[in-house]
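The values are calculated or read from the model by the stated rules, or taken from the named source; none is laboratory data. Bear in mind that the values here come from a model prediction, so they are computed numbers and not experimental data.
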Amino acid sequence: MSDSFRRHATAQGDTCPDIELSIVIPVYNNAGTLEELIARVSAACNDVDGASEIILVDDGSRDDSWPIVAGSESPHVRALRLSRNFGQQAALKAGFAEATGRYVIMMDADLEDDPAMIPVIHRELRGPVDICYTAYPDKNKRNARRTSRLFHRAVASIAKADHTPNIATMRGFSRKVLDAILRYRERRPVYGPLMVGMGFPSTTIEVEMPDRKGINSNYNLAKRVRLAMDYLVGYTNLPAVFFMVASGISFLATTAYSASIIIQYLIMGNQLPPGISLLMVVILLLFSMLFFGIGIVGLYLHRLLDESLDRPLYLIAERKQSTACAPVDIQSKGDLHVRRD
C-alpha cells in the first residue's frame, strides 16, 4: 500500500480492505441509466483482480438519482451527494479526493462508456503506463461529436502532446497520476486536458461506440463551450496572445490604409473619402478591439478573484459508505470538503 493511500485511508477512518481499483462516476440527472450502470459496473468489478470501489458523486441532481444511488445494494458502491450542482469537474474532484485505490478509472454515468472495458483498462494500467485512454475507432468517426474532436485536437496542440483522434471520456490512471492531479488546486480544473499535458507514460485502447438511442447526454454544446473557455483562460495565454496579434494586425491595416489614401491624394490627386465615413470605420475598428481586450482582461480578473476568495470547491451534503467496509464513526451530513487539502 502506498504512503498516499495510507494517509487517505487514515484520514477517512476507513476499515476497508486494500482497494485495487476505484471507479469515479459523476452523476447528474441520470436516474434513467443508474440502475443498469451500477449493475454493469459491479459485474465488471467482479472481474478485477483485487477489491474495487464504485464512487458515485451526485452533483445536485433534480431527479431520482440520489435515492437510486443511496438505495443500491451493490457492495462496491460508495456515494456522495453534493449540496447543489457544482459542475462535472468539481464532482470529479470530490470523487478523486475519496478514491483509495491503487488505480482509478473515470467514466460517465449515461452509459456512453462501456463498463465491460473496466478490467481491460485495469490490465493495461498494471503494465508500464500510468494513463490508459480510450478512443473510438475510425468507423465511428462520423458519430463522434465534432465539437469534442475539435476540442481535444486543440488541447493536444497546445500541450505539445500526441493527438488521439476520437478520444473518449473513459480513462484510467495510476495512484501516482491521481496524487499529481490533486496537487492542482485551482477552482476550475479541466481534468481531461490536464492529463494530456502531464507527460506521464500513456497508452490508448479502442472501444466501440455504444448504441445510445433514447439516451440523451447531459453534456450539451453550451457546457462544452464553457469547458473550452475554462481551459483557454485557466491553462493557456491564447486569449491574450490572440488579442495582441489581432491588435497588431489591426494597427498595421489601419496604417497601410491611411498611407494609401494620403499617397493617392498627394501624388495622384484623388479625392479623400468622406470624412465622417472614414472616421466611423476607424473608430469602430479601434473600439471593437478595445472592448474585446477589456473582456479578456475581465476574464482573468474574475479568475484571480475566484482564486483569492478560496471558497470550497464543493460541499458534501450526504454520504453513503460501501457495505463492504466496516461501520465507521463519520458524520453523514454537513461534511465540508475544501479544496486546499
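Just to be sure, is residue 85 over 24 Å from residue 178 (Cα atoms) and part of a loop (DSSP other than H, G, I, E, B)?
On the way: over 24 Å from residue 178 (Cα atoms): no; part of a loop (DSSP other than H, G, I, E, B): yes.
Judged against the criteria, residue 85 is not a match.
Going by what's in this entry, would residue 229 be described as at pLDDT 80 or above, part of a helix (DSSP H, G or I) and under 39 Å from the mean Cα position of the chain (by Cα)? Steps first, please.
Details: at pLDDT 80 or above: no; part of a helix (DSSP H, G or I): yes; under 39 Å from the mean Cα position of the chain (by Cα): yes.
So residue 229 fails the test.
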